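Asks: What follows is a single structure, and I will ask about it in a moment.
What follows is calculated from the coordinates using simple rules that are stated; it is not laboratory data. Fair warning: this is a prediction, and the values are worked out from it, not measured in the lab. All Cβ positions, even for glycine, are placed from backbone atoms using ideal geometry, and neighbour counts span all protein chains on display.
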Amino acid sequence: MKIIALSTLKAFWEEHPEYMDAKEPTLAWYRLALAADWSTPVDVKQDFRNASILKDGRVVFNIAGNKYRLVAWINYAYRVVYIRFIGTHTQYEKFVGNEFS
């Protein structure tokens, strides 16, 4: 898969040192997603059983033992993953509220 954009992930832990513990789990997610060939949500669930498949190609991944959430929009036809958000559960709730209000 092509991942857009690694810089979003890096900014999360580099700009907020209190989230540095997310670095290794996030990079592990990135490496697995990069090597994946997801053509359907079922493929995503095979690699990430705890991922939440939402409508319109959105997927929520649990990172670092569910301490953080990563929201991506996946274009399965083009094998592209667009990172929309990474943050804590509290930040996620605000993101969801803004995203769908």
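So that you can scan it fast, the table gives a plain yes or no per residue for (1) of a type outside the set (S, T, Y); (2) in contact with a Gly (Cβ under 7 Å, 6 or more places away or on another chain); (3) without any contact (Cβ under 8 Å) to a residue 60 or more places away in the chain; (4) closer than 20 Å to M20 by Cα:
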site: K45; (1), (2), (3), (4): yes, no, yes, no
site: D56; (1), (2), (3), (4): yes, no, yes, no
site: V71; (1), (2), (3), (4): yes, no, yes, yes
site: G87; (1), (2), (3), (4): yes, no, no, yes
site: Y92; (1), (2), (3), (4): no, no, yes, yes
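Asks: When you scan the stretch 8-27, do you find a residue that is touching an Asp or Glu at 6+ places or on another chain (Cβ under 7 Å), surrounded by fewer than 18 Cβ atoms within 10 Å (Cβ to Cβ) and either without any contact (Cβ under 8 Å) to a residue 12 or more places away in the chain or not acidic (D, E) (or both), even just one? Steps first, answer last, please.
Replies: First, the residues of the stretch 8-27 that are touching an Asp or Glu at 6+ places or on another chain (Cβ under 7 Å): none.
Taking every residue of the stretch 8-27 in turn, none turns out to be touching an Asp or Glu at 6+ places or on another chain (Cβ under 7 Å), surrounded by fewer than 18 Cβ atoms within 10 Å (Cβ to Cβ) and either without any contact (Cβ under 8 Å) to a residue 12 or more places away in the chain or not acidic (D, E) (or both).
Asks: Which members of the stretch 28-56 meet the condition of being closer than 15 Å to R79 by Cα, of a type in the set (A, V, I, L, M, F, W, C) and crowded, with 17+ Cβ neighbours inside 10 Å?
Replies: Passing the criteria: A33, A36, W38, V44.
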